[in-house]
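The values are calculated or read from the model by the stated rules, or taken from the named source; none is laboratory data. Here the structure is a predicted model, which is why all the values come from computation and not from measurement. FYI the Cβ positions are ideal-geometry reconstructions off the backbone, even for glycines, and counts take in every protein chain you see. These accessible areas exclude ligands, DNA and RNA; they are computed on the full protein's heavy atoms, side chains included. Shrake-Rupley method; radii C 1.70, N 1.55, O 1.52, S 1.80 Å.
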Amino acid sequence: MQNRTLPNLILENEDYIFYGNLTIEGDFIVKNSNIFVSGTLKFTNKNKATVSITNGNISACKLESNADIFIRNGDISVMFLEARNIDSDGTISVLNKADVYDIVCFNYLITGNNDSGRISAFHDICILGENDSRNIIGRYVFVADNCYLNKTGVTAKEFECGGKIEDCLYSLIA
C-alpha cells in the first residue's frame, strides 16, 4: 500500500482518488470535488490547518483528523472515524467505530460503537452498537446496545435504546 504526505491539498471541480494512506499536513480545501482514499486519510493540523469541503464528499477506510472539519453540502463515508470537531450539514456514515469530540450534522449513522463527545443532528442519530457520549440532540435517536450518557442526556422527538441507559440525567422528548 502506498503512503503519501502532502503539505496542502486544494481541489476544485475535480475528484481525487488515492490507493493507499494519505496524510495532509496543512490546508485541505475542496470545492465541487470528492476525495476517495482506500486506506487512511489523515489531517495533522500543522500550523492550524483548515479542513473545508463545499459541494463534495469524503470516502475513506479510515479518517483521522486533529483539525476541525467543516462541510457544506457534502457527506463523510468511512469505516473508522477519529476526529476533533466536525461541523457538517450532510450525513456522517461510519461502518465500524466513531470517536469524535463534537459533531454537528444532518444525520449521524454508526454501524458499530460510538465513543464521541456531544452529538447534534438536524435529523436522525442511529448507533447500532454501544454509545458513550454526552448531550445527544436529534429528531430520532436510536441506540441498539447500551447507552452511556456521562451525566448528561438526550433531547429528541423519539428516543429508543435496546440496552441499558446509564448516567442519564434527563431525556427531553420535544
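Using the beta-carbon distance between His123 and Asn146 and R0 = 25 Å, what value does 1/(1 + (r/R0)^6) give for FRET efficiency, to the nearest 0.05? Show your work: numbers first, answer last.
Numbers: r = 23 Å, r/R0 = 0.93.
Here the calculated transfer efficiency is 0.60.
Could you compute how fast the stretch 111-174 diffuses translationally, taking Rh as the Kirkwood radius over C-alpha pairs and applying Stokes-Einstein at 10 °C with viscosity 1.306 mPa s? Give it in µm² per second. Don't skip to the answer; put the middle values down first.
Numbers: Rh = 11.0 Å.
Reported coefficient: 144 µm²/s.
Can you list residues whose amide H is under 5 Å from Ile137's amide H, if they're 5+ apart or on another chain and H is modeled 1.01 Å from N?
Ile119, Ser120, Ala121, Thr155
What percent do you get for the relative contact order of the chain when only Cα pairs under 8 Å and 6+ apart count? The partial results should precede the final answer.
Working: 602 pairs, mean separation 17.8, N = 174.
About 10 percent, as a whole number.
Longer than 30 Å from Cα to Cα, which of Lys48/Lys164; Lys46/Lys164; Lys31/Lys62; Lys42/Lys151; Lys31/Lys157 are they? Say none if no pair is. Before the final figure, lay out the partial values.
Numbers: Lys48/Lys164 40 Å; Lys46/Lys164 41 Å; Lys31/Lys62 21 Å; Lys42/Lys151 32 Å; Lys31/Lys157 34 Å.
Over 30 Å Cα-Cα: Lys48/Lys164; Lys46/Lys164; Lys42/Lys151; Lys31/Lys157.
Can you give the % of DSSP beta bridges in the stretch 65-116 that are antiparallel, to the nearest 5? Provide the component values of the computation, followed by the final result.
Values: 0 of 18 bridges.
The antiparallel fraction comes to roughly 0 percent.
Report D for the stretch 1-48 in µm² per second (integer): Stokes-Einstein, Kirkwood Rh on Cα pairs, 20 °C, 1.002 mPa s. Can you show the working numbers first?
On the way: Rh = 10.9 Å.
Answer from the Stokes-Einstein relation: 196 µm²/s.
Can you tell me the relative contact order of the stretch 44-115? Whole percent, Cα pairs under 8 Å, sequence separation 6 or more. Write out the running numbers ahead of the final one.
Values: 197 pairs, mean separation 17.0, N = 72.
Reported as a whole number, the value is 24 percent.
Which value, in Å², gives the accessible area per residue of the chain when a 1.4 Å probe is used on the protein heavy atoms?
On the way: 8330 Å² over 174 residues.
Spelled out: the 1.4 Å probe surface of the chain, per residue, equals 48 Å².
For the stretch 8-166, with all protein chains present and a 1.4 Å probe, just round the carbon and sulfur fraction of the accessible area to a whole percent.
Details: 3270 of 6960 Å².
So the carbon and sulfur contribution to the accessible surface is 47 percent.
From the list (i) 176; (ii) 87; (iii) 148, can you say which value of volume of the Cα convex hull per residue in Å³ was derived from the structure given?
(ii)
Pull out the extension gain between Tyr19 and Asn32, defined as 0.36 nm times the separation in residues minus the alpha carbon to alpha carbon distance; nm, one decimal. Show your work: numbers first, answer last.
Values: separation 13, 0.36 × 13 = 4.68 nm, distance 2.10 nm.
Difference between extended and current length: 2.6 nm.
Under 14 Å from the Cβ of Asn3, count the other residues' Cβ atoms, weight Lys and Arg +1, Asp and Glu -1, and hand me the total. Please report the intermediate quantities before stating the final value.
Working: positive: Arg4, Lys42, Lys62; negative: Glu25, Glu64.
For residues surrounding Asn3, the net value is +1.
In whole percent, what relative contact order does the stretch 64-153 give with Cα contacts below 8 Å and a gap of six or more residues? Before the final figure, lay out each step's value.
On the way: 280 pairs, mean separation 16.2, N = 90.
Relative contact order comes out at 18 percent.
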